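Every number in this text was worked out from the coordinates using simple rules, so none of it is lab data. Remember, predicted model here, so these are calculated numbers, not experimental data. Cβ coordinates were reconstructed from backbone atoms using ideal geometry, including for glycine residues, and neighbour counts include every protein chain displayed.
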Amino acid sequence: MVQQKKIAILASGAGSNAVNLINRFNSTDSPIHVATVITNRVKAAVREKTEAMGVECLYFPKDEWLSGHEVVKALQERGVELVVLAGFLAMIPNALLEAYPDKIVNIHPSLLPRHGGKGMYGIHVHEAVLAAGDARSGITIHYINEHYDQGAIIAQRACPVMPDDTPETLAERVHALEYEYYPQVISQLLLG
Ligand code: GAR
């Protein structure tokens, strides 16, 4: 059997993308496998959800994130090749950037460079899109570097913004794009 490529998901919140990725990848005949989920929030809902699916969820408190060494050790021990952020809301420490150069990807719920940067996550992004009167929104999948939302863009997909949208209805449309395209892009990065 061909050896599976291992990925890790980093998540801080609800974890619906993490659940989607585990559903897509963690079947016996998948060439990609979610080896671990890692969070920086002790009470993140993603913990319960992914553990219920049989995937471990490791929690690292703030000081361990800041150094990054324990996180890198956990990833390397599990043979992780690609680190996938899915609603992860902390800076990636240098130790992790150095251990996984061009092997850390993020998904952002807007068409970067619009509505990116510090404080721009989740529902705040959709509120900003509506406040700006944008006709389109969407998703951006990009590499991670030391600046928030500024790594090289890998893929973008757009959707319309409707006149009667609320942040919640727009979030739902954008989430649907995330569920469809994030697994595809990860597969392409790992398998070509
Ligand atoms: C997703 O929409 C993701 O794109 C966004 O947080 C949400 C997490 O949802 N990430 C960012 O805003 C990063 N700046 P989930 O926890 O249900 O997957």
- Message: Please compute the length gained on full extension between residue 56 and residue 187, using 0.36 nm multiplied by the number of residues separating them and subtracting their Cα-Cα distance.
- Response: 45.0 nm
- Query: Using the 10 angstrom Cβ neighbour count as an exposure proxy, how do 57, 159 rank, fewest first?
  - Reply: 159, 57
- Message: Below 24 Å, Cα to Cα, which lysines can residue 43 reach? Residues fewer than 8 away in the same chain don't count.
- Response: 62, 73, 118
- Item | Cβ-Cβ FRET estimate between residue 164 and residue 118, R0 fixed at 45 Å, reported to 0.05 | 0.90
- Message: Could you work out [θ]222 nm for the chain from helices alone, using -39500 (n - 2.57) per DSSP H run of at least four and dividing by all its residues? Round to the nearest 500 deg cm²/dmol.
- Response: -11500 deg cm²/dmol
- Theoretical gain in end-to-end length, residue 153 to residue 98 [0.36 nm per residue, Cα-Cα removed]: 17.9 nm
- Message: Out of the trypsin sites (Lys or Arg not before Pro) in the stretch 56-132, which ones are loop residues according to DSSP with at most 10 other C-beta atoms within 10 Å?
- Response: 118
- Message: Between residue 132 and residue 41, what is 0.36 nm times their sequence separation minus the Cα-Cα distance? Round to one decimal in nm.
- Response: 29.7 nm
- Given all pairs of distinct Cα atoms, the chain yields a Kirkwood Rh in Å of 16.9 Å
- Indicate, rounded to the nearest 5 percent, the antiparallel portion of the DSSP beta bridges found entirely in the stretch 1-154. 25 percent
